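Written below as structure tokens is the structure these notes are about.
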Amino acid sequence: MMATEIKGIAASEGYAIGRAVLLREEAVPEDIAYIETGEETAELNRFGSAVAAARSELLALLERMKTEGRENEAEIFEAHLMLLEDEELIGAAEERIRGQRYQAEAAMNEAGEEVAEMLAALDNEYLRERAADIRDVSRRVIRKLGYGADSAKVQASAAEANEKSILFAFDLTPSDTAQLDPSIIAGFVTAAGGRTSHSAIIARSVGIPAIVGAGEEALLIKDGQLVIVDGAAGLILINPEDNELDRYQALQQQAADKRTLLDQYRGKPSVSMDGHQIELAANIGSVQDARQAQVLGAEGIGLFRTEFLYMGRPELPTEAEQFTAYREAAEAFAPDSPIVIRTMDIGGDKELPILQLEKEDNPFLGYRAIRICLDKPELFKTQLRAVLRASAFGNLKIMFPMIATLGEWRQAKALLDQAKQELRSENIAFNEQIETGIMIEIPAAAQMADRFAREVDFFSIGTNDLVQYTMAADRMNPRLGYLSDPLHPPVLRLINQVIRAAHKENKWVGMCGEMAGTPVAIPLLLGMGLDEFSMSASAILPARALLSRLDRSKLACLAEAVLDLDDAEAVWSYVEQHVPELKQIY
Amino acid sequence: MEKAYVVLNPTGIHARPAKKIVEAAKICEGTVYLEKGGRKVNAKSLVNVLSIGAKQNETVTVSAEGKKAEEAVAAIGAVLSAAEAE
């Protein structure tokens, strides 16, 4: 047998090796069957019960997903629920039963196909993918009418084989994908679909390697053929040669070894080889992120980007709503875990229609974050009250973004004191000792760090903006990429200065920009004495693994030496050369 | 009442915003329509909202009649002009 290679779209990373199982198209009614005159009402009732049954099935699926924290997927099925009430879909099927005496199965099938084809013809990839959602919904109803097999057969046919299976199908409905059991199905390949199809999204969240859009030739596969799915490259290897098989087994082994290595650091403190402890926290934008960060090994939250609670909605979030979000984020972690809530940073690249902000020539240098909050104290106080109230339920800390002057900090602090006073007079509990700090992201504040340090409880360095303001380079401009590197010595000097200023006043310093999770930066920041590193959750375990191999006492010299180098490039190679431990992890 | 909005979402009105638009349309107890390029559809149907295929920078006109029409139009407008990518 010849080895064959098929190229598709890489939809979900990872490597899978297994035996092919071809899922034949689920049976749908091909010919239109009719009912007799007079049977319309009975048929409409039968159809109505099937829709109701489909609805309860979806509700149960949703319930399960929510309890398992699979909220991204749940949202897909919420849209399906909405489709089950849709006039254009369900109404159109009913019309066929009522007006044309179609049997319910045929009516649903035709109405579903009509809508699916209409969407598939649109000039927009996202919308074309929704055709699969329409078919999923109409097939669910058809199954409830007793036609065709249940999609659970996907699993059953695969489970018969003892080896892991690679599922091949023309397309997988989101429902099919969500039910895949990773212990049976090692990976899947579909002929249709794109990276944004819901089955691809679900595959990524379940962690099954997947390739979509592989074309119909992928369906020429025979059951039982040996297949390799390379979810990183989007490659399918059918009947691979031995050397290919060896290569992929080695890749699988490497990936597994790395997972095992990192897993040892889950739930462990973050300590360097010579016993210096720091804190590894996560940057989040929602309660859901908080839960995920906890699973991925975060010790707390170093940056809650609260503006996401404000965005993508017609009205401002209420105090009660914000309170719930902050409290739930804290409750995702063990009691006393630090949870830093940054007050909203709207403006810059993040718009909020309800505030009707004027378009600016330089939004990053404009009316944003604390500048808006100090100008609209009522808006600000709603948020401050919500954070304070949540502080009764966890170790919350408040952080003000975009502070440039001592005056701004004092004004923000005064508004916080007002909010505290209001809560006291209303007898509402909050943490009287709540820590309050500022983000250092404007060079002005970095230069004045010694003065700020006397008044604040902590600093958190926001490197994304600090770099763009120090280097005067728009970080959205791809042609200026060489200036947007946080390892440029002028930026490192500012960071070093901020850490020293804080420690002199016995205050702690964190960092919540991309830099905190950048492998090469970690030894430098550790050497400078940074106390808290906050990064995207997926970077935490590798950072902890690296930390455990680093000797902090030796890094202070390294951190000092790089301050005298020419540019970021020189710093990169200097650190890579002097910290061989980086290669063991990354 | 009637009002025109420019779609700011970089990926257009795909599944998630479409769902929010239907939810917003249901605030109004009367009829709510979306119109783009001469095609006018019922905003309470997810299928219909998806079918106008509105992309970034295209203009969509929202019209509504009946109780809470203004609220519904404003809510739909907020979804159309949300610039966040998903």
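FYI, it's all coordinate maths here, none of it is from the lab. Predicted model, so just to flag it, every value in this text is computed and none were measured. Positions of Cβ are generated from backbone atoms using ideal geometry, with glycine treated the same way; all protein chains shown enter the neighbour counts.
Quick notes
- Other residues lying with their Cβ under 9 Å from the Cβ of A:A281 contribute a combined charge of -3, Lys and Arg counting +1, Asp and Glu -1.
- Mean Cα-pair separation over length for chain A, i.e. relative contact order, pairs under 8 Å, 6 or more apart, %: 13 percent
- Couplings 3J(HN,Hα) for segment A:294-300, derived from phi with the Karplus relation 6.51 cos²θ - 1.76 cosθ + 1.60 (θ = phi - 60°), are 4, 4, 7, x, 5, 8, x Hz, where x marks Gly and Pro.
- Between A:W572 and A:E85, the distance separating the two model label sites (each 7 Å from Cα on the Cα→Cβ line) works out to 5.3 nm.
- Theoretical FRET efficiency, 1/(1+(r/R0)^6), r = Cβ-Cβ of A:R247 and A:D223, R0 35 Å, to 0.05: 0.90
- 12 Å beta-carbon shell around A:K504, net charge (K/R +1, D/E -1): +2
- Candidates per trypsin sites (Lys or Arg not before Pro) in segment A:428-516, loop by DSSP, up to 15 other Cβ within 10 Å: A:R454
- Of the GluC sites (Glu not before Pro) in segment A:227-302, the ones in a loop by DSSP (not H, G, I, E or B) with at most 14 other beta carbons within 10 Å are A:E241.
- Cleavage-rule hits, GluC sites (Glu not before Pro), segment A:333-416, DSSP coil, Cβ neighbours within 10 Å at most 15: A:E358, A:E360
- Taking Cβ atoms as reference points and 12 Å as the exclusive limit, the residues near A:D263 contribute a net charge of +4, counting Lys and Arg as +1 and Asp and Glu as -1.
- In order through segment A:116-131: 3J(HN,Hα) via Karplus (6.51 cos²θ - 1.76 cosθ + 1.60), integer Hz, x for Gly, Pro: 4, 5, 4, 5, 5, 7, 6, 8, 6, 4, 4, 6, 4, 5, 5, 4
- Förster radius 51 Å - calculated FRET efficiency between A:L59 and A:E36, Cβ distance, rounded to 0.05: 0.90
- Along principal axes, Cα extents of segment A:40-144, largest first, whole Å: 43, 34, 18
- Taking 0.36 nm per residue of sequence separation and removing the Cα-Cα distance, the A:Q288/A:D457 pair yields an extension gain of 58.1 nm.
- With contacts taken as Cα pairs under 8 Å at a separation of at least 6 residues, segment A:279-534 carries a relative contact order of 17 percent.
- Between amide H atoms placed 1.01 Å from N, distances below 5 Å from A:S286 occur with no residue 5 or more places distant or on a separate chain.
- Rounded, prolate or oblate (a/c below 1.5 giving rounded, otherwise prolate when a/b exceeds b/c) for segment A:279-534 by Cα gyration tensor: rounded
- Once the convex hull of all Cα atoms in the protein assembly as shown is built, its volume per residue stands at 181 Å³.
- Cα gyration tensor shape of segment B:2-80, rounded if a/c is under 1.5, else prolate or oblate by comparing a/b with b/c: prolate
- Backbone HN-Hα couplings from phi across segment A:382-387 [Karplus 6.51/-1.76/1.60, Hz, Gly and Pro as x]: 4, 5, 4, 4, 5, 5
- Among beta bridges that DSSP assigns inside segment A:158-236, antiparallel share in %, nearest 5: 20 percent
- Percent antiparallel among DSSP beta bridges (both partners in the protein assembly as shown, rounded to 5): 45 percent
- Each of A:D457, A:D176 has some number of other Cβ atoms within 10 Å of its Cβ, and from fewest to most they run A:D457, A:D176.
- Around the amide H of A:A3, modelled in the peptide plane, lies no amide H under 5 Å away from a residue 5 or more places distant or on another chain.
- Near A:K397, the amide H atoms lying under 5 Å from its own belong to A:I339, A:V340, A:I341; only residues 5 or more places off or on other chains count, and H is placed 1.01 Å from N.
- Zone residues, segment A:386-418, relative to A:E432, backbone N less than 20 Å from point 7 Å out along Cα-to-Cβ: A:386-398, A:413-418
- Approximate spin-label separation A:K164-A:L480, in nm, with each point projected 7 Å along Cα-to-Cβ: 4.6 nm
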